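A.B. asks: Sharing a structure below in C-alpha cells format, with a few things to ask.
Just so you know, all these numbers are worked out from the coordinates, no wet-lab data involved. These numbers come from a predicted model, not from an experiment. Here the Cβ is made from the backbone with ideal geometry for all residues, glycine too, and neighbour counts use every protein chain on show.
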Amino acid sequence: MNILRARSGAVAYSKSQLFFLVILRVSIGWHFLYEGITKLMNPDWTSYGYLLDSGWIFEGVFQAMANNPAVLGVVDFANAWGLVLIGVSLILGLFSRPAAIGGIILLALYYLSHPPFTGLEYAVPSEGKYLWIDKNLIEMLALAVLYVFPTGLRLGLDRFFLRNNKY
C-alpha cells in the first residue's frame, strides 16, 4: 500500500483511504444538511410527534420535552439548525472533528429516543425491521471513524484554518 508522508513526518492516508474517507464525510454531511433543510423549509415541521412516540428508559424525558412548548421550540430549532451546521461543516471539511462529535450526539439522542429493541413498538413505522443496530447507530459509528481519521486537514477548509493545530 502506498502510504503518503505528511510534511511533519506523520503517516498520512493512502490516496484510496483519503478518497473513501472524504466520500464518507461528504455523504454524511449531505444527509445531515438535507435533513436539516427539509425541516427548516417546512413551516409545519416539529419534533413533537417523534418525541411523544419515544420509548425505553428515556421515554419520560423525551415526552416531557414534547409537552413543554418552550422546550419543544428550543429542541426543534437546535435539531434543524444542528443538522444544517453539522452537514455544512462535514461537506466543507471545516471544523470536521467537532462536527463529527455533534453528529454523534444528535444521532445518539435519536437512537435513545427510538431504540431498535425487541418489544418496543412505535406509532410511526420504521423503514425496516432492526434488532439493536439501525441506521442511526451505523451513521454514528461512521462519524466516530471520521473523528479518528480526520480528513479536513488534507481535503477541506480545516487545512487553511487549522493548519498549525495538531489534529
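A.B. asks: Across the range 35-53, what is the total count of residues that are more than 22 Å from E139 (Cβ to Cβ) and of a type in the set (F, W, Y)?
C.D. replies: Residues in the range 35-53 being more than 22 Å from E139 (Cβ to Cβ) and of a type in the set (F, W, Y): 1 in total.
A.B. asks: Take the residues in the range 50-91 that are polar (S, T, N, Q) and within 22 Å of Y147 (Cα to Cα); name whichever of them is surrounded by the most Cβ atoms within 10 Å (Cβ to Cβ). Spell out the reasoning first.
C.D. replies: Looking only at the range 50-91, we keep the residues that are polar (S, T, N, Q), and these are 54, 63, 67-68, 79, 89.
When the remaining residues are screened for being within 22 Å of Y147 (Cα to Cα), the result is 79, 89.
Working: N79: 20, S89: 26.
Of everything passing the filter in the range 50-91, S89 is surrounded by the most Cβ atoms within 10 Å (Cβ to Cβ).
A.B. asks: Might you check whether a residue that is surrounded by 18 or more Cβ atoms within 10 Å (Cβ to Cβ), out of contact with any strand residue (DSSP E or B) (no Cβ under 7 Å at 6 or more places or on another chain) and not in a helix (DSSP H, G or I) occurs anywhere in the range 117-129? Reasoning before the result, please.
C.D. replies: In the first step, residues of the range 117-129 are kept if they are surrounded by 18 or more Cβ atoms within 10 Å (Cβ to Cβ); the result is none.
Taking every residue of the range 117-129 in turn, none turns out to be surrounded by 18 or more Cβ atoms within 10 Å (Cβ to Cβ), out of contact with any strand residue (DSSP E or B) (no Cβ under 7 Å at 6 or more places or on another chain) and not in a helix (DSSP H, G or I).
A.B. asks: How many residues, within the range 57-112, are among the polar types (S, T, N, Q) and either in contact with an Asp or Glu (Cβ under 6 Å, 6 or more places away or on another chain) or within 25 Å of R159 (Cα to Cα) (or both)? I'd like the intermediate steps shown before the answer.
C.D. replies: Residues of the range 57-112 among the polar types (S, T, N, Q): 63, 67-68, 79, 89, 96.
Imposing the further condition that a residue be either in contact with an Asp or Glu (Cβ under 6 Å, 6 or more places away or on another chain) or within 25 Å of R159 (Cα to Cα) (or both) reduces the set to 89, 96.
Looking only at that region, the number is 2.
A.B. asks: A further question follows. Mind checking which pairs have a first residue in the range 21-37 that is within 13 Å of R154 (Cβ to Cβ) and touching a residue at least 24 places away in the same chain (Cβ under 8 Å) and a second that is buried (at least 18 other Cβ atoms within 10 Å of the Cβ) and among the aromatic types (F, W, Y), Cβ under 8 Å, 6 or more apart or different chains?
C.D. replies: If the second residue must be buried (at least 18 other Cβ atoms within 10 Å of the Cβ) and among the aromatic types (F, W, Y), the pairs left are L21/Y13.
A.B. asks: Here's a follow-up. So the check is Cβ under 6 Å with 6+ separation or different chains; which pairs have a first residue in the range 47-62 that's more than 20 Å from A80 (Cβ to Cβ) and a second one that's of a type outside the set (F, W, Y) and part of a helix (DSSP H, G or I)?
C.D. replies: Within 6 Å, the pairs are F58/L112.
A.B. asks: Given the conditions (1) among the aromatic types (F, W, Y); (2) loosely packed, with under 15 Cβ neighbours inside 10 Å; (3) over 15 Å from the mean Cα position of the chain (by Cα); (4) within 24 Å of A144 (Cβ to Cβ), report the number of the one that Y34 does not fulfil.
C.D. replies: (3)
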